[in-house]
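The values are calculated or read from the model by the stated rules, or taken from the named source; none is laboratory data. Just so it is clear, the structure is predicted and the values come from calculations on it, not from any experiment. All Cβ positions, even for glycine, are placed from backbone atoms using ideal geometry, and neighbour counts span all protein chains on display. Surface accessibility is based on the protein's heavy atoms, side chains included, excluding ligands, DNA and RNA. Shrake-Rupley method; radii C 1.70, N 1.55, O 1.52, S 1.80 Å.
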Amino acid sequence: MDGPAGDLDRISALPDDLLHVILSFLGDARDVTRMAVLSRRWRHVWVHAKNLTFGDGDLANSTVPCHFAGFVDWALAKRGDVDMESLKIHFSGEGYASPEQVNEWLRYAARCVVRSVDFYLDVPTDKQQAVELPSHGRATSILLSLSRHSRVQLPAAAAASYQALTELRLVAPLLSEEVAGGTLGDFVTSCCPCLRRLSLMRPKGLPQLVLRSEVLEDLDITWANDLRMLDVAAPNLRIVSLKYCFHNITSSEEDDASKVARIVAPRIQEFCFQHYTQIPQLELDIHDLTSVRRLNNLVLDMHGRYCRETQVGLSFLAKCPGVQDVHVSLDHQESDIADEGDLVDLSTEGAEEEMQLLSLLFEGSNSIKCMAISETPRKIDIADLTQKIGKEVDSNNTILQKLMKVPCADGGQWHFVEQVFVWTCYATESRQMY
């Protein structure tokens, strides 16, 4: 907007704070840097943008993929060590950046980012060099996603400090013991005094994880196949999710409860557990589940010829007397495992075992307000179904007749809504009428 003499450069007249607000709506680093052509003032204001996003979407057809990493290097060098709110770098193409370039970006983020660091990186596997988390950081949230299990080196606990970090998410890290540095448990316990959420997805090289935290509230571990021992003591832990862990446990380790899981967290309110059905029963030592109100994704092996008998899900139901919301998947698949010592031949009819499960649910908790049963796997929105209650079930319906015989279910009424059987207690129905 620089024009002939007498023309007003209105953009240059804007205060810096307002220009930063405008830049915050752009986000993408390319758009932010392009704003430099609009006015003399814009040539340097972009350097102080509080939020930058580098994405490789525009380079999908590029013949020189290294240009992306070069652009990131150039933009960060132009900014200098100026504080920023968030830095996001996403690239999915092979060869876009070397481990050393990624490490330099992480060091820059550790110095300058005060809120959110979000890296999704396809880093070439390098046996000589690991992706290194700096010893100090200022961000409150870090997401480090490595698409090909690149080696990750954590700083030694004695020399590291992440005082402001409240959320740490690691996706597909290779936490090899051969790499010098600290363990994940030591890092969380000693270096992250404010960490409230820890999420691990598809980690490798993590045979054991020991966590001690006074403030941790949310622990999510998914597809940790190498994990053999989990030991957690967190008095403020509210949410625990363990999905498809302990897959590579050997037969000699199955009998040692200390090699599976031990959790001391008296305030757990939500627990999610999914496991590989081909793994024998796991010993999960979880102290005091009386505070649990929600159980998610429990898998129970039901009828079917030669299905494995696992009691993990049933033990959770028995140990959570205050549970109010339960999501259970009944596994009816047949098994071809030859060792019949671990198998049970249940009725192919199926209904009897399911009625026994319902009895266990009603007898184990007096807090159940609503329950929904579907004959086919589907996502059930109980809140939506309870608003549509009104159609009664045919009294000749075989399933209804069996449901009516379930002990302790006489405190409510069964309805049939959109191919789903819904039970609501009388107190809940009374509240819906007013």
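Figures for the structure shown
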| read-out | value |
| --- | --- |
| With all protein chains modelled, accessible area of T140 [1.4 Å, Å²] | 50 |
| Accessible area of L76 in the full protein assembly, 1.4 Å probe (Å², nearest 10) | 10 |
| Q324 paired with R111, simple spin-label distance in nm, labels 7 Å along Cα-to-beta-carbon | 5.0 |
| With DNA, RNA and ligands ignored, accessible area of D288 (1.4 Å probe; Å², nearest 10) | 80 |
| Stretch gain in nm, segment S190-W223, where the contour uses 0.36 nm per residue and the Cα spacing is subtracted | 9.4 nm |
